[in-house]
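To start, the structure under review is shown below, and the notes come after it.
Values quoted throughout were computed directly from the atomic coordinates according to the rules given, and no laboratory measurement underlies them. All values derive from a computational prediction rather than experimental measurement. Every residue, glycine among them, receives a Cβ derived from its backbone with ideal geometry; neighbour counts consider all protein chains shown.
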Amino acid sequence: MYAASKGIAIAKALVYEKHEIEVAKSSIEDVKGEHTRFEQAISAAYAEIEKIQTQTEKKMGKESADIFGAHLMVLNDPELISQVKSAIKNEKVNAEYALKNTVDTFVAMFEAMEDEYMKERAADIKDVSSRVLGHLQGIKNQDLTSLDEEVIVVAHDLAPSDTASMNKEKVMGFATNIGGSTSHTAIMARNLEIPAVVGAKDITEKVTGGDTLILDAINGQVIINPSEEQKENYLSKKQQFEQQKEKLKIFKNKQSSTKDGKVIELAANIGSPNDMGPVIANGAEGIGLYRTEFLYMDRSTSPTEDEQFESYKVVLKQMGKKPVVIRTLDIGGDKEIPYLNMPKEMNPFLGYRALRICLDKKEMFKTQLRALLRASQYGNLKVMYPMVSSVEEIRQANAVLEEVKQELTEKGTSFKDFEVGIMIEIPSAAINSDALAKEVDFFSIGTNDLIQYTVAVDRMNEKISHLYSPFNPAVLKLIDMTITNGHKNGIWVGMCGEAAGNLKMIPFLLGANLDEFSMSPSAILPARELISKLSTEETQEIKDKVLEMSSAKDIENFLNEVVSK
Ligand code: PEP
Ligand code: MG
């Protein structure tokens, strides 16, 4: 069990399960009664979707709410309704069966169409009809957008769309069976600043909906139906935690600098414009990583150029002059997109992913680059390619970028020039960083992947997580080498992997002269406080000492002593 996003929550449990709805055929006599049942299910689904639409618009803007408008149109479609009713009447079958059959025909028809927009309608129809079926069968898939009381969500895992649409006022925390510290559920939880415990194995079986839970997302435990004494104890711990957080607020508007005045940039990682609240609240000096892949996930077709443009523009405008590093699509590994028909692979983390897909699916890549170029006018954009392993890949990606720039210029569309950088997250890139630095404007070290590839430890596998450590001496040497090579070639070097926000790593990284640290927004203020207490000279000595050590455990213990002083 792992505390993925720090905090303490005490509330009732909501066990979140997504039911697969099975439909059986049965004969009916009462046609009128069956029609009424169908109409009632339609009305109930309609009211539900309208509520979600209003809430989404309030929280995330009109663009995000539009999808629900399309869902309402399906429910209003006279063709669909009359076909279901005719089937009930003519075949004397139950409403569920009539609906399922009719929907299957509609879906097959839309899916066969060439037009992307029409294909998307098929997904809408499926989505909406399963909601109606749920009402017909009395099965309710909980809805995390509209909750009446405060809850702790307990689930096997949560899709990004689940976490993104969670009502933050009502979801006090969550616990999932699977996931590790750098799984995407954990990262989303930190971005949203919701206390979360992941990798809790069979927590969904142990907890029943309505149980009272204490979610201790500091030590990584869940207490089910606690005693009064435990509750009181945790209420005071929660208060303490919150007071500490409050105290750190004095650092919110301060510049990040060491004791001797060396200025550092502390930036935030985000997954969507929806994550911007905590970024502003914690006084981030930039966005060091905007993971654009979440925009592509949990849907049935790629986001359109305009949709992407809007999402980038919102963030750029909100950050004003502050830098915003937007990473091009990094899909694959643990992040899947069904509509890209990605083949099942033996080693997905070593496979067809990220820039490798973009260089293969050039049109998709060009659409994203066009959206980025158009958005560049609204702020201080920097673009970054993920999973680079060689100079050829950078050159190929840059050639596509040039092509898109030329096309836009020909059309008279304006854009601003921006810095182009790469993630250093593959050992070959770190080792060859002297050569790679000559091709780009900046590096950002992605330790989440760099660790897994250097130590050969799957970042998702709980069984071997004791081997997955940023303090591994080989990882630290690669980090040091990358920063040195970057600076030698006159480019800046940042880090956007989770290690950048790890307080124990910060003295080493400062000593190695890292220029920019990008982390979950909630890690910024503690990091700024720590940096203000350290001097450049002291951290350089720490770095030299660490690089002479040979064991990850010893290094971690030594750095722990440094930060506990
Ligand atoms: C990384 O690998 O460190 C990183 C920041 O990218 P992601 O976690 O999205 O793979
Ligand atoms: Mg990565």
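Brief remarks follow.
- Computed FRET value (nearest 0.05) for Arg395 with Lys262, which takes r as the C-beta separation and R₀ as 35 Å: 0.50
- Full-stretch length increase - Ser550, Glu407 - with 0.36 nm per residue and alpha-carbon distance subtracted: 46.2 nm
- Modelled this way, with points 7 Å down the Cα-to-C-beta line, the labels at Glu169 and Glu29 are 5.0 nm from one another.
- Residue-by-residue Karplus 3J(HN,Hα) for the stretch 368-384, coefficients 6.51, -1.76, 1.60, Hz, glycine and proline x: 5, 5, 4, 4, 5, 4, 5, 6, 4, 6, 9, x, 9, 7, 10, 10, 9
- Were the residues from Gln137 through Ile280 laid out at 0.36 nm apart, the gain over their Cα-Cα distance would be 47.0 nm.
- The stretch 71-89 versus the stretch 278-303: alpha-carbon centroid distance in Å: 38 Å
- For the stretch 168-320, share of DSSP beta bridges that run antiparallel, in % to the nearest 5: 50 percent
- Distance from the Cα centroid of the stretch 337-351 to that of the stretch 428-507 is 24 Å (rounded to whole angstrom).
- Note on Asn90 and Leu359: the model spin-label points, each 7 Å out from Cα along the C-beta direction, lie 5.6 nm apart.
- Isotropic mean projected area of the C-alpha convex hull, the chain (nm²): 27.6 nm²
- The stretch 218-224 - phi-based ³J(HN,Hα) in whole Hz, Karplus 6.51/-1.76/1.60, Gly and Pro as x: 10, 9, x, 8, 10, 10, 9
- For Ile287, nonlocal amide neighbours, meaning residues 5 or more places apart or on other chains whose placed amide H falls under 5 Å from its own, are Ala268, Val324, Val325.
- Positive minus negative residues near Ser236 (Lys, Arg vs Asp, Glu; Cβ under 12 Å): 0
- Of the peptides 205-215, 223-233, 146-156, the order by per-residue mean of other Cβ atoms within 10 Å, starting with the highest, comes out as 146-156, 205-215, 223-233.
- For the chain, the Cβ-based charge dipole about the Cα centre amounts to some 1140 debye (Lys, Arg positive; Asp, Glu negative; other atoms uncharged).
- In this simple spin-label approximation, Asn560 and Met73 carry label points 7 Å from Cα along the Cα→Cβ vector, and these lie 5.8 nm apart.
- Estimated FRET transfer efficiency (Gln221, Asp148; beta-carbon r; R0 22 Å; 0.05): 0.20
- Debye, to nearest 20: dipole size of the stretch 290-345, +1 on Lys, Arg Cβ, -1 on Asp, Glu Cβ: 400 debye
- Considering only the chain, percent of DSSP beta bridges that pair antiparallel, nearest 5: 30 percent
- Extended-chain gain in nm, criterion 0.36 nm per residue less alpha-carbon gap, Thr105 and Ala456: 121.6 nm
- Sum of side-chain charges, Phe508 neighbourhood, beta-carbon under 14 Å (Lys, Arg +1; Asp, Glu -1): -4
- Each residue of the stretch 397-403 was assigned a 3J(HN,Hα) from its phi angle through the Karplus expression (A = 6.51, B = -1.76, C = 1.60, θ = phi - 60°), giving 5, 5, 5, 5, 4, 4, 4 Hz with x at Gly and Pro.
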